[in-house]
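See structure below.
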Amino acid sequence: MNIYFAPLEGVTRCTFRNTYNKYYKGVDKFFAPFISPADNCVMNPKEKKDVLPENNEGVFLVPQILASKSHHFNAAAEALCDMGYNEINLNLGCPSGTVCAKGKGSGFLNRTGLLEKFLDEIFDFSGKKNIRLSIKTRIGYTDCDEWEEILEIYNKYPISELIIHPRLRTDYYREPIRMEQFVYALKNSKNPVVYNGEINTIDDIEAVRKVIKENNPNMPDALMIGRGFLRNPEFIEEIRAWENDNQTDNNNASAIGSHSSEFDWKRFRLYHDDLYNQYKEMMSPDINVLFKMKEQWTYWREMFPDDEKTIKKILKAKYFGEYDIEVKKLF
Ligand SMILES: Cc1cc2nc3c(=O)[nH]c(=O)nc-3n(C[C@H](O)[C@H](O)[C@H](O)COP(=O)(O)O)c2cc1C
């Protein structure tokens with residue numbers, strides 16, 4: 001099974017990706033948080049640093065572009081192509097108010113006329129440049145009834161992978177997943193479909209794979225996971241061990257390679273310290289470094305259900321001294 005790490009703006013930039021990949025193995029593709037090209041600026045220094053191949057050695061990276069004007073998209077795609085990328089992702093999912101107000105991200109989904117013109121122009125360009133374009137999308141803006149028309153538009157283009165987060169723009173990241181619309185895509189998409197959303201356990205994976213198998217077994221064996229990997233960094237290894245066990249079971253042999261249910265806290269501490277030290281080298285003062293670490297703790301806290309008091313102190317820390325004392329308590 002191909003497993004993709006979802007892009008999370010502000011959380012999964014190159015320092016994070018490289019460090020995660022150093023300690024936890026098994027992700028096939030990392031998707032970079034979006035680049036947002038504008039007039040006279042194809043990508044800002046932060047965005048450029050994030051995708052430069054020398055900052056992404058050892059990880060398979062797919063850069064992502066968020067745009068509403070085809071000439072912006074194509075200029076950024078050309079710059080990425082010059083860096084050596086031949087696979088690029090288009091963001092049609094971002095639900096943020098400022099993004100949607102500019103007709104970008106999921107703000108494109110209720111402007112289907114403009115969307116189609118945009119797709120005509122970017123697929124024409126990427127075809128000439130031999131760039132594979134994938135799309136990461138929601139299933140509509142405010143209403144599930146929009147999905148049929150949107151999918152019909154997608155079916156006109158050679159999308160390398162249509163990664164679907166089955167929520168509306170107005171659902172943000174909270175409302176229940178709309179599986180009916182995902183099933184509709186499995187049955188009606190002419191392009192390969194990949195699922196993304198709320199996968200946190202092996203049971204979740206089994207449930208989604210069952211839906212895919214029952215509705216279109218020809219779809220690629222691939223899933224995209226985001227917060228599940230942040231909440232439990234070992235999740236990728238659990239998935240790989242589970243696959244291994246399944247294969248062995250299918251071969252009627254004794255199970256080998258079963259994963260241990262013991263979480264490796266020592267490794268997690270090394271991973272934490274590595275990330276923390278790199279951010280310390282990159283930023284100052286303390287509060288900026290701690291801001292980056294606290295983003296991680298909003299997910300990691302779920303691994304420490306009995307330590308809410310300490311977690312709260314970590315999230316309130318303003319100086320390294322306070323932060324270090326609380327983190328030490330946890331470990
Ligand atoms: C803080 C945050 C930032 C995100 N940034 C991006 C982004 O830059 N590009 C994108 O396509 N999706 C972005 N997403 C959406 C995720 O990639 C993913 O679709 C979403 O979290 C659902 O998957 P999950 O339940 O496995 O996390 C972001 C989500 C969050 C919570």
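Read the figures in this text as sums done on the coordinates, not as results from a lab. Note that the structure is predicted; figures quoted are calculated from it, not measured. Don't worry about glycine lacking a Cβ; one is built from the backbone with ideal geometry, like all the others, and counts go over all protein chains shown.
Assorted remarks:
- Region 179-216, subset among the hydrophobic types (A, V, I, L, M, F, W, C), under 28 Å from ASN232 (Cα atoms) and touching a Leu at 6+ places or on another chain (Cβ under 9 Å), residue nearest to the ligand (Cβ to nearest atom): ILE199
- Among (1) under 22 Å from TYR172 (Cβ atoms); (2) touching a His at 6+ places or on another chain (Cβ under 6 Å), the one test that SER96 misses: (2)
- Scope region 98-135; condition surrounded by fewer than 19 Cβ atoms within 10 Å (Cβ to Cβ) and part of a strand (DSSP E or B); matching residues: ARG132
- Some residue of region 136-147 being surrounded by 15 or more Cβ atoms within 10 Å (Cβ to Cβ), charged (D, E, K, R), within 14 Å of the ligand (Cβ to nearest atom) and assigned to a strand (DSSP E or B): yes
- Meets criteria (in contact with a His (Cβ under 8 Å, 6 or more places away or on another chain) and more than 22 Å from THR170 (Cβ to Cβ)) for PRO37: yes
- Of the candidates GLY93, GLY97, GLY84, GLY103, the single residue that is away from the ligand (no atom under 12 Å from the Cβ), within 30 Å of ASP221 (Cβ to Cβ) and of a type in the set (Gly, Ala, Ser) is GLY84.
- In the set (1) under 22 Å from ILE199 (Cα atoms); (2) touching a residue at least 40 places away in the same chain (Cβ under 8 Å), ALA32 fails one condition alone, (2).
- The set of residues in region 24-55 being within 16 Å of GLY228 (Cα to Cα) and touching a Phe, Trp or Tyr at 6+ places or on another chain (Cβ under 9 Å) consists of TYR24, VAL27, ASP28, LYS29, PHE30, PHE31.
- Only a single criterion out of (1) in contact with a helix residue (DSSP H, G or I) (Cβ under 6 Å, 6 or more places away or on another chain); (2) surrounded by fewer than 18 Cβ atoms within 10 Å (Cβ to Cβ) is not satisfied by GLU9, namely (1).
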